[in-house]
Every structure is written in C-alpha cells, then in structure tokens.
Amino acid sequence: MTGPLLDIARIYLEPAVEAHARGREILARFPDAERIPVASHWRIPELREADPGDYLRNKRDTLVLGVKKGLAFRPNGRSADFIAPSSSNGCAMACAYCYVARRKGHSNPISVFINIEEIAASIARHAARQGPKTEPNQVDPRDWVYDLGENGDLSVDALISDNVRDLVATFRGIANAKGSFATKWVNPDLLSYDPQGRTRIRMSLMPPAMAKLLDVRTSPVAERIAAIPELHRAGYEVHLNFSPVVLREGWEEEWGALFAELDDILPAAVKDQLAAEIIMLTHNEGLHEINLAWHPKAEELLWRPDIQETKLSEGGGVNLRYRTGWKGRWLRRFQDLLADRMPYCRVRYAF
C-alpha cells in the first residue's frame, strides 16, 4: 500500500448534510476539500462511470455524505441475527472480490450517513421489540446480534467520524443485543471505545501472500492478527472471519501456516471465546470485467471457470461459485485442517 489510506480532496454532499451536527463535524475535519452538492448519494454519475483504470484514486480522495433514508432491518442468520440499517456504504479499501463494488458501481468510495442518532435509535427500538433471546443459535447463545457494517468497514469509517463510537456506545445500553462488524483495518482508536463486551469484531483473515494480492489497501495480515489480543483486552468479543477462501495450488499449506501463526500468538483468553466464519469465494461477471481494467493479476485467482460454475443471483447478475460437490469437499478439508490446528475455534457457520 502506497500513500495514505485517505487524503480527502472532494466531498459530495446531499442538501441536508449541513443541517446535521455530524455532517458539520465531518466537513470541519476536511476544511480544504472541495464540496460538490448532489441530490442523492446513490446517483453520482462521475463516480459510477469513472475510468476503471483509475479505480483506486476515488477511494483515497473522495468522500460522500448523505442521509440514510430507509431504516429497515433484514433477518440474516449467518453473521448476525439481523442486518441493521448501515451507517455507511462503500470503502476506502479495494479488495478485489468485494461484492459492494459490483452492487453500487465502479470503485464505490466511502459514503457516510450523518443521521446517526436516527440509526442508533432505530436499533434500540428494534432490539426492544425482540425481547429476550429465548433459544440459543449459531449466531449467539444469549444476545440478538446486529450486523452494522454489511456494506463497508467500520474500522475505516472511524477515521472519518464518531459514528462507530456512537454505535458501540448504543450497544452498551442494550441488554439483549450486540453489535457486530467485520474488518480488515487496524484502527487503534477503537481501543478507547469501551464496548464492555457488547460489540463483536470479526477480524477477516487469509494467508498473507494471498492477501497481498487480493486485499488491496488493507492492513497487513500480521498487523490484523497482532491487534486481536488488544481488541479483546479493550472489551470487544473477537471472532475470526476466514473469507473468502480462494482455492489455488498449495492452499492447504498456506492456510495451515496461518492457523499455526494464530495458535502461537493468540492468548488463552481469546482462544476461550473464539469462533469463526468460513466463506468460500463467490465471484461475479461484472466485477470480473472491472478488475481486468485495474487489477488483472487478481483475476488469475478469482476467475476460474475450470473449477467454478455459474449461478444466477437474486438480482439477476451472473455469479461464479466453486462447483457443486467439489465445493463441499474442499470446505470439509478446510474445516478438518482448522480443527486439527485450532481445535478450540468453534465454526459458527461455513458457506
């Protein structure tokens, strides 16, 4: 990774942004940035139709500020019980397999929603309506879990505003619920948020050599692993997210080495509460075309029609997944390897 993760030079903002305290706070953090009014954070043609060969520039120097209009909750059952209304969309990082880019178009820099009070209040109301969680499930044995970062990385969002701090504080006050988000970025500021065990961070990991190629602009894997004990000491529940599992020659040796490193570094207190998700790669035809313009070497790993098959997504897109039958065998081999090297690491779900 070269240069700063964020060097904001232009901010696209909806009309209501400056009427909100959080909007004014963010604008004050970047006083030299050009301000460009837009009617909607979703409809910015110069971002959606930008040159794919210039994919990374917008992620570094562009920020979008808007108001979250819909505050709906969706059942999940995998990473969380519910997907909460997001406080952001898009990311400054550029993982070559990221589904958010293919949903919103082109590089999709960070959009931050400035009505955080409304978002947090909607979560509290929703949790109150659920009442106690009476039956344990694979998500959590006691609490309702809300995914807060489905469309971005909250550790990076915390570089821009106090939205993430506010969400962590919200869950301190909800007796029957936890917040949860996955991350590939190490942000030491999170250590001061005092989560009191009410926020779960899912640290996303893959073998370092693979991450160097696919996890563009993220924290190195060694830094992510080193941050896990610190986050746990700071009061977070910390799980692992082995995602995506990308198959290539020697993948078992690479993942085995990663598991051995984790076993050496993680203290007993982390191991005692550890759980993981395992997600096999799903790729997409549209994202494949974008990647060919800015990162073709990644496609040598991601686009493997010889071991993948197409599947039409709910949105009508053409996705590629590892072939039925073989995917199940490879997933079992992965789980067996994990159980052998890290038997204390419970697998919450594998897909």
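The values are calculated or read from the model by the stated rules, or taken from the named source; none is laboratory data. From a predicted model like this one, the values you see are computed outputs, not experimental measurements. Heads up, the Cβs are rebuilt from the backbone with ideal geometry, glycines too, and the neighbour counts pull from every protein chain shown. Heavy atoms of the whole protein, side chains included, go into the accessibility calculation; ligands, DNA and RNA do not. Shrake-Rupley method; radii C 1.70, N 1.55, O 1.52, S 1.80 Å.
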Ignoring ligands, DNA and RNA, what accessible area per residue does the chain give at 1.4 Å, in Å²? 42 Å²
Which of the peptides 255-262, 331-338 is most tightly packed, and how do the rest follow, judged by the mean count of other Cβ atoms within 10 Å per residue? 255-262, 331-338
Using 0.36 nm times the number of residues separating Q130 and T310, minus their current alpha carbon distance, what extension gain do you get? 61.0 nm
Explain nothing, just the number: dipole magnitude of the chain about its Cα centre with +1 on each Lys and Arg Cβ and -1 on each Asp and Glu Cβ, in debye rounded to the nearest 20. 820 debye
Ratio Rg/Rh [Cα only; Rh per Kirkwood] for the chain: 0.95
Mind running the shape call on segment 193-341? Use the C-alpha gyration tensor, a ≥ b ≥ c as the square roots of the eigenvalues: rounded below 1.5 for a/c, prolate if a/b tops b/c, oblate otherwise. prolate
Which shape class, rounded, prolate or oblate, goes with segment 1-104 when its Cα gyration tensor gives a ≥ b ≥ c as root eigenvalues, a/c under 1.5 marks rounded, and past that a/b bigger than b/c marks prolate? oblate
Determine the sum of side-chain charges near L247: Lys and Arg each +1, Asp and Glu each -1, restricted to other residues whose C-beta is under 12 angstrom from that of L247. +3
Counting helices only, and only those DSSP H runs with n ≥ 4, report the 222 nm mean residue ellipticity of the chain as the sum of -39,500 (n - 2.57) divided by its residues, in deg cm²/dmol to the nearest 500. -10000 deg cm²/dmol
Give me the net charge for the shell around Y236: Cβ to Cβ below 11 angstrom, other residues only, Lys and Arg +1, Asp and Glu -1. +2
Would you work out the charge dipole size for segment 34-180 about its Cα centre, treating the Cβ of every Lys and Arg as +1 and the Cβ of every Asp and Glu as -1, and quote it to the nearest 20 debye? 300 debye
Note on segment 278-324: alpha-carbon gyration tensor, axes a ≥ b ≥ c; rule is a/c under 1.5 for rounded, else prolate if a/b larger than b/c, else oblate; result oblate
Restraint check, K68/K271; K68/K178; K271/K311, Cα-Cα greater than 31 Å: K68/K271; K271/K311
Go through segment 1-93 and name the GluC sites (Glu not before Pro) that are in a DSSP coil and have 10 or fewer other Cβ atoms within 10 Å of their Cβ. E49
